[in-house]
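J.: My structure is below; once you've seen it, I'll send some questions.
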Amino acid sequence: MSVAVVTGSSRGLGRALAGELAAGGWDLVLSARGAEPLERAAAALRATGSRVTAVAGDVSSAAHRAELVAAARALGGVDLLVNNAGVLGAEPLLPLAEHPLVGLREAFEVNVVAPLGLVQEALPLLRAATAGAVLNISSDAAVVAYGTWGAYGATKAAGDLMSAVLAVEEPGLRVWWADPGSMRTRMMAAAGPGEDLAGLPAPEEVAPVLLRLVAERLPSGRYTAEGLAGAEGPVAAGVRP
């Protein structure tokens, strides 16, 4: 069985990605801050027959990251690391002139520092895997200047560059940084309360599109869900091993 570590997996896109992986026969290590919703998600996924370990905690904690990798090692290793957990930095989002710096620091800690820390922790197991891969969840805010999205977008832009460098430094791995697009999620609702999200896709619609990266082992690079859904071949905009 292949083993995936998925952060931020009690709800939203992380939960949807975990569900798709479990349906495909993957064993999972799940992470989220809330123990009860995480265990509910894990229990549902165990019904697919997959082995699922739920480890509640904050990805900004080095001890938690070590616990996640230890749990994966107990299942056989790490074949795929999905860095999905993230925070906005302010809810609702604010212009840069008003954005609290404490929130900006938290966003960089969770969205940039923690994913790199987890990669570093898991790297020996990823290198040892037959087809080790890292999937970092990005955003169109990383490349487009949207008002009020500056702080969050800065963290995602940093994550994109970090992913690109990792792909160069670790040519034996696949490294994907993927923009899922706007979705009907709790995070999106928190970003702009009162906005109508009815026309946006649910995470369950986006997850199988993103996991085309894993199923087809597409080249390392930056992808969008829109591009993956509409392209017949590789649509990477970035480095290739």
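The values are calculated or read from the model by the stated rules, or taken from the named source; none is laboratory data. Keep in mind the model is a prediction, meaning the values are calculated, not measured. As a convention, Cβ positions derive from the backbone with ideal geometry for all residues, glycine included, and neighbour counts pool all protein chains shown.
J.: Would you confirm whether or not the stretch 163-177 contains a residue that is crowded, with 19+ Cβ neighbours inside 10 Å, among the aromatic types (Phe, Trp, Tyr), touching a Leu at 6+ places or on another chain (Cβ under 7 Å) and in a helix (DSSP H, G or I)?
T.: Checked against the condition, which is being crowded, with 19+ Cβ neighbours inside 10 Å, among the aromatic types (Phe, Trp, Tyr), touching a Leu at 6+ places or on another chain (Cβ under 7 Å) and in a helix (DSSP H, G or I), the stretch 163-177 yields no hits at all.
J.: Can you tell me how many residues within the stretch 46-100 are in contact with a Ser or Thr (Cβ under 8 Å, 6 or more places away or on another chain), free of Cβ contacts under 8 Å to residues at least 40 places away in the same chain and part of a loop (DSSP other than H, G, I, E, B)?
T.: Summing the residues that are in contact with a Ser or Thr (Cβ under 8 Å, 6 or more places away or on another chain), free of Cβ contacts under 8 Å to residues at least 40 places away in the same chain and part of a loop (DSSP other than H, G, I, E, B) in the stretch 46-100 gives 1.
J.: Another question, if that's okay. If I go through the stretch 2-25 residue by residue, how many of them are closer than 16 Å to residue 69 by Cα, in contact with a Ser or Thr (Cβ under 8 Å, 6 or more places away or on another chain) and either assigned to a loop (DSSP other than H, G, I, E, B) or of a type outside the set (A, V, I, L, M, F, W, C) (or both)?
T.: Qualifying residue count for the region: 3.
J.: Anything in the stretch 5-21 that is surrounded by 24 or more Cβ atoms within 10 Å (Cβ to Cβ) and farther than 22 Å from residue 87 by Cβ? List them, or say none.
T.: 21
J.: A further question follows. Could you say which residue among 145, 122, 114, 97 is buried (at least 16 other Cβ atoms within 10 Å of the Cβ) and either modelled with pLDDT under 95 or over 14 Å from the mean Cα position of the chain (by Cα) (or both)?
T.: Just one listed residue meets the conditions, 122.
J.: Further, regarding this structure: Which residue pairs have Cβ atoms under 8 Å apart, sit 6 or more places apart or on different chains, and have a first residue in the stretch 212-225 that is on the phi > 0 side of the Ramachandran plot and a second that is among the basic types (Lys, Arg) and surrounded by 20 or more Cβ atoms within 10 Å (Cβ to Cβ)?
T.: Correct list of pairs: 217/174.
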